[in-house]
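The values are calculated or read from the model by the stated rules, or taken from the named source; none is laboratory data. Predicted model, so just to flag it, every value in this text is computed and none were measured. Heads up, the Cβs are rebuilt from the backbone with ideal geometry, glycines too, and the neighbour counts pull from every protein chain shown.
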Ligand SMILES: [Zn+2]
């Protein structure tokens, strides 16, 4: 069974990699560590500056709404 390493996108093969679907123990531990510290989404390469700006303004809007309620 072939797959891609979720960390570095290297092609992996269940017959060849004992840490499948990760390419190595290093990537397997990186993935576990990322989930444990909840930085998985932040370190996602899909995230670009536009997304960061958007989430920033959403936080501002939420803060203003809270001010109105209080
Ligand atoms: Zn990898």
Legend entry - Inter-residue pairs, beta-carbon under 7 Å, first more than 12 Å from residue 6 (Cα to Cα) and in the range 23-37, second modelled with pLDDT of 80 or more and within 9 Å of the ligand (Cβ to nearest atom), 6+ apart: 25/19
Inset, instruction - Could you check how many residues of the range 1-29 are within 7 Å of the ligand (Cβ to nearest atom) and buried (at least 18 other Cβ atoms within 10 Å of the Cβ)? - result: 5
Inset, instruction - For residue 7, work out the one condition from (1) out of contact with any helix residue (DSSP H, G or I) (no Cβ under 7 Å at 6 or more places or on another chain); (2) modelled with pLDDT of 60 or more it doesn't fulfil. - result: (1)
